[in-house]
Amino acid sequence: MKLTIIGAGYVGLVSGVGYSSLGNEVTCIDVDENKVRMIAAGVPPIYEQGLEEALSKVLKEKKLSATTAYSSISSADLVFICVGTPSRSDGSIDLKYVESAAEQVGNELRNSEKFVSIVVRSTVIPGTALNVSKIIEGVSGKKHGRDFGIGMVPEFLKEGTALEDFMNPDRIVMGAEDEKTKELLEELHKGFNCPKIHTDSKTAEMVKYASNTFLLTKISFVNELANFCERIGVDAKEVTVAMGLDRRISPHFLNFGAGAGGSCFPKDVKAIMAFEKSMGFQPRILEVVWETNVKQPLRMTELAEAALGKGNLDGKKVCVLGLAFKADTDDMREAASIPIIKELQKRDCKIAAYDPKAMENAKKIFPDISYAASFEDALRGAEVCFIVTEWKEFKRPPPEFKRLMKSPIVIDGRRVLDPLEAKKTGLVYKGIGYGKK
Ligand SMILES: NC(=O)c1ccc[n+]([C@@H]2O[C@H](COP(=O)([O-])OP(=O)(O)OC[C@H]3O[C@@H](n4cnc5c(N)ncnc54)[C@H](O)[C@@H]3O)[C@@H](O)[C@H]2O)c1
């Protein structure tokens, strides 16, 4: 099939590479010329495992191309809108990129005879795909159902394993507003071996928010549980492992820590809460989930003060291991490291940070802290070490930590170290959820 993808970011590029590797002919469009140049040269602008190899394969096979021009829209079978949907300052969703992509589609369809189905893939509040249809009708003078189709297919990939998730999804939700779009979506996804759900666009849009808000609810629940376990001398990890063995609960997303970040959870929870409130509905559970998640990163500096004594963190030389919002990505959006570093800056700490992938992105946010060439370098001379991202390399044996640090206080925000082993080597170990002495 011929596909056009508008927006070649995490979702657009990964979907483009995924669909083209399944034999479809894909054109990726982006307004960012530099991104387009990089993609066309086989260099993914984002770090994702396996993406570079897969991209160069589909480029060589001439299955994927990248451009800033919108002309491929009128000859496509399906057009996916994968542009960003950021938050406005009040938390509500900003749909300006989706709307401008819809206008571009309208322009291209004005003089076209072909039936093209437009499918929103960005995470959008319920009713957006129907609004995209109206914009296209207004700009092109064409009629939905007769001249073009409308659909919404939410994307559930996780950064870090994006391509793998795209190729092997748990389910595919296809919201179609007309028969032709439903048929095209069914045909496109016939090679995927997973449950497939056909529904309308509004339901598909809601499924995405329901899934993301439920996952953040699970995380905030275990974060609160972890904070309490610390008080009563219990290791929350033992509690969540036992909890997760209950099949009704499942072990996934029971990882407590320094708070959840990333480009999706915070933005999506804020967007759906604002939408629900605009409809006169009070999302009480989500309000608490949100508040819990915002406070959680500061638990790290509280734990440091518990080890040092109140006020004694001020002015210390500290290191921050891990900046990305999670391991295996260079994405800094809403990363827990951001509020933690801001809090450390407020306390005049001298900060050395290290992340295997995200330092270039971090420098744009924190140009004035120092960055180390390796995690060992970051540890050198530090009086407190904050582990903020669960990169595998931080799991190295604790003697390395003790030897390099000036005073061996480790605040483990992701529970990457074994507390007993860490203590045996003389570290003063404090981990989120670790209440044992
Ligand atoms: N990143 C994730 O893990 C993930 C997972 C599932 C869903 N989503 C959702 O998918 C959407 C996209 O997210 P992302 O992380 O890929 O965003 P992103 O910022 O990485 O990419 C969006 C791209 O769209 C481009 N763009 C904006 N307006 C355009 C236009 N009119 N024409 C062409 N290109 C345009 C931007 O230049 C950018 O490259 C969001 O709604 C997000 O919530 C993201």
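A DSSP coil position with no more than 15 other Cβ atoms inside 10 Å describes the following trypsin sites (Lys or Arg not before Pro) in region 177-279: 190, 247, 248.
For region 1-74, which trypsin sites (Lys or Arg not before Pro) pass both filters: DSSP loop (anything but H, G, I, E, B) and at most 14 other C-beta atoms within 10 Å?
On the way: sites: 2, 35, 37, 57, 60, 62, 63; in loops: 62, 63.
Of the trypsin sites (Lys or Arg not before Pro), the ones in loops of region 1-74 whose Cβ has at most 14 other Cβ atoms within 10 Å are 62.
Restricting the calculation to Cα atoms, region 348-423 yields a radius of gyration followed by a Dmax of 12.2, 37 Å. If I compute solvent accessible area with a 1.4 Å probe over the protein chains, what percent of it on the chain is carbon and sulfur? Carbon with sulfur: 52 percent of the solvent-accessible area. Using equal-weight Cα scatterers in the Debye expression, the normalised intensity of the chain in log10 at q = 0.11, 0.13, 0.14 Å⁻¹ is -0.89, -1.14, -1.25.
Long hydrophobic helices in the chain: the complete DSSP H runs spanning 24 Å or more by Cα along their own axis with mean Kyte-Doolittle hydropathy of at least -1.0 are 201-231.
The coefficient of translational diffusion for region 216-431, derived via Stokes-Einstein from the alpha carbon Kirkwood radius under 20 °C and 1.002 mPa s, stands at 120 µm²/s. Scanning the chain for GluC sites (Glu not before Pro) lying in DSSP loops with no more than 14 further Cβ atoms inside 10 Å, the longest uninterrupted stretch between such sites is 114-437. In plain terms, the chain from residue 75 to residue 421 could stretch by 118.4 nm, reckoned as 0.36 nm per residue minus the Cα-Cα distance. Per residue, the chain exposes 45 Å² of solvent-accessible protein surface, assessed with a 1.4 angstrom probe and all protein chains in place. Each of 354, 304, 66 was placed along the dipole of the chain (beta-carbon charges, centred on the mean Cα), and the one lying farthest toward the positive end is 304.
Here region 171-191 is scanned for amide nitrogen atoms under 20 Å from the site 7 Å beyond the Cα of residue 203 along Cα-to-Cβ, giving 171-190. Annotation note: chymotrypsin sites (Phe, Trp or Tyr not before Pro) in region 235-283 located in DSSP loop regions with a Cβ neighbour count of at most 13 within 10 Å are 281. Residues with beta-carbon under 13 Å from that of residue 405, excluding residue 405: net charge, scoring Lys, Arg +1 and Asp, Glu -1? Local charge sum for residue 405: +2.
Could you list which residues have their amide H under 5 Å from that of residue 350, counting only those 5 or more apart in sequence or on another chain, with H placed in the peptide plane? Residues meeting the amide H criterion: 316, 317, 318.
Derived value for region 2-199: Kirkwood hydrodynamic radius 16.7 Å. Basis is the mean of 1/r over every pair of different alpha-carbon atoms.
Please work out how much length the chain gains when fully extended from residue 2 to residue 295, using 0.36 nm per residue of separation minus the C-alpha to C-alpha distance, in nm with one decimal. Could you put the intermediate results ahead of the total?
Working: separation 293, 0.36 × 293 = 105.48 nm, distance 4.64 nm.
Working it through step by step, the gained length comes to 100.8 nm.
Using only alpha carbons, region 90-189 has a radius of gyration to Kirkwood radius ratio (Rg to Rh) of 1.00.
In the chain, helices alone account for a calculated mean residue ellipticity at 222 nm of -12500 deg cm²/dmol, with every DSSP H run of four or more residues adding -39,500 (n - 2.57). Taken along the Cα-to-beta-carbon direction at a fixed 7 Å, the label points for residue 238 and residue 49 span 3.1 nm.
The values are calculated or read from the model by the stated rules, or taken from the named source; none is laboratory data. What you are looking at is a predicted structure, and each value in this text was computed from that prediction instead of being measured. No Cβ is skipped: glycine too gets one built from the backbone with ideal geometry, and neighbour counts run over all protein chains shown. Surface accessibility is based on the protein's heavy atoms, side chains included, excluding ligands, DNA and RNA. Shrake-Rupley method; radii C 1.70, N 1.55, O 1.52, S 1.80 Å.
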